[in-house]
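The values are calculated or read from the model by the stated rules, or taken from the named source; none is laboratory data. As the structure is a computational prediction, the values presented were derived from the model and not from experiment. Using ideal geometry, Cβ is built from the backbone for each residue, glycine included, and neighbour counts are taken over all protein chains shown.
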Amino acid sequence: METIKNIIIGFGKGGKTLAKFLAQKGEEVLVIEKSNKMYGGTCINIACLPSKRLIIEAANGVSYVDAVNGKNEMTEQLREKNYHMLADEKTVTVLDGKAHFIADHEIEVELPNGKKAQYKGDRIFINTGAVPVILPIPGLKESKYILDSTQAMDEKKMPKNLTIIGAGYIGLEFASMFAKYGSKVTVLDHNKEFLAREDEDISNAVRKDMEDAGIKFELGADIEKITDETTDAKATYQINGKTKTINADRILVATGRKPNTENLGLENTAIETTDRGAIKVDDFLRTTVDNVWAIGDVKGGLQFTYISLDDFRIIKDQLFGTGARMVSDRKVIPYSVFISPALSQVGLNEKQANKLGKEYKLFKLPVTAIPKAKVAKDNRGLFKALVDPETEKILGATLYGIESYELINMISLAMKAHLSYTVLRDQIYTHPTMSEAFNDLFK
């Protein structure tokens, strides 16, 4: 059995960045990826970048077919670039195959030709990501008209009628995108409250704008079964005791993603998992086996590519730094939902602050008051920020409006640097820009 200094299972963001870094340190690295269509990881192939490309193309009026073709060209170029970023390193080997543990530091890889190879790793990094959750609804898994969030990225024909199961952030992004291309979209969700974690004024604004775009929401829907018919699928569901049905060319399941630990052979090791199936790690991303780490979505928690990148920084600091960097240091993490317009958030909103009994000063600004929004001909949205009345530090912000995915990073940086909100209020910004809205938001 060949012994390798570093084995990385999965070609995702954190793992590939770590592999490149270790190679630059002259260390031997074996990167194992089960699919040659996933070089570079989830983000560049089936999630962040291709989905945002399709969203932007929809807003620009590009036809669905042309948009998909352009997206495919982009992901192919990115895959090629990511592959060579590692494969061209002298000390890195990229191996196609399915890996599973046979002991704490030993893995077996099933190669594409059916043969098997075994390796022992001094260090092993598990970077297998997450997979879509398919709910146990009768007929759902068996239906030939079903798409999960991964398959939706490869859908070549625009569905005329699309039913989406799940009104979470992933479901809303797909709903917004397909509606823009011209699909008739209906969203079914078990929860009666729309965007329950957001403040009511924000969730109401988002829902109104999406409904104005032609998207229909059926909330409090308990789906009983999915039935395939001749040319489409029928969803049968109940709302308030009343049975309803809807037919669609495609039913897109957007009910979240779970850590990808199935078939990893963890039962052959002392590596423990949580009750949610994620690999259990400590504050330094170490598993319950020495010199085995977990990176990215497979360890549970927030499923963002930038979290995986920060995971790399934590491990890098352990191996070649002071070892002081920890998961618990991540206290300010922004996120964006790429609907139209975008919804972005960092820190506390009013609902969360009230639940914690936290005092705050509230600042609000309708997007229609921002000159750049008028220039861009999109006045939809609302900006909100919470400030500690004693320290003047920003507690959180929710920005619903165009370009919020850029603006939220400015607020996140101010929070991390412990700046007073007055710094953003009194900053001299270029004009006309969305960022100058902070002059008025924090008045």
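What the table shows:
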read-out: Filter result (surrounded by fewer than 23 Cβ atoms within 10 Å (Cβ to Cβ) and part of a helix (DSSP H, G or I)) within segment 17-43; value: Thr17, Lys20, Phe21, Ala23, Gln24, Cys43
read-out: Condition check for Asn82: farther than 18 Å from Lys5 by Cα and either aromatic (Phe, Trp, Tyr) or within 24 Å of the chain's Cα centre (by Cα) (or both); value: yes
read-out: Single condition Pro366 does not satisfy, out of (1) closer than 18 Å to Glu200 by Cα; (2) touching a strand residue (DSSP E or B) at 6+ places or on another chain (Cβ under 6 Å); (3) touching a residue at least 40 places away in the same chain (Cβ under 8 Å); value: (3)
read-out: Flag if Gly171 is buried (at least 18 other Cβ atoms within 10 Å of the Cβ) and among the small types (Gly, Ala, Ser); value: yes
read-out: Count of residues meeting criterion [of a type in the set (Lys, Arg), at pLDDT 95 or above and either in contact with a strand residue (DSSP E or B) (Cβ under 6 Å, 6 or more places away or on another chain) or over 30 Å from Met177 (Cα atoms) (or both)] in segment 331-363; value: 3
read-out: Among the residues listed as Gly381, Gly401, Gly396, the single one being in contact with a Phe, Trp or Tyr (Cβ under 9 Å, 6 or more places away or on another chain), within 30 Å of Lys316 (Cα to Cα) and small (Gly, Ala, Ser); value: Gly396
read-out: Strands (runs of 3 or more DSSP E) (entirely within segment 229-325) containing at least 2 residues that are more than 16 Å from the chain's Cα centre (by Cα) and surrounded by fewer than 22 Cβ atoms within 10 Å (Cβ to Cβ); value: 233-239, 242-248
read-out: Some residue of segment 98-112 being touching a helix residue (DSSP H, G or I) at 6+ places or on another chain (Cβ under 8 Å) and among the charged types (D, E, K, R); value: no
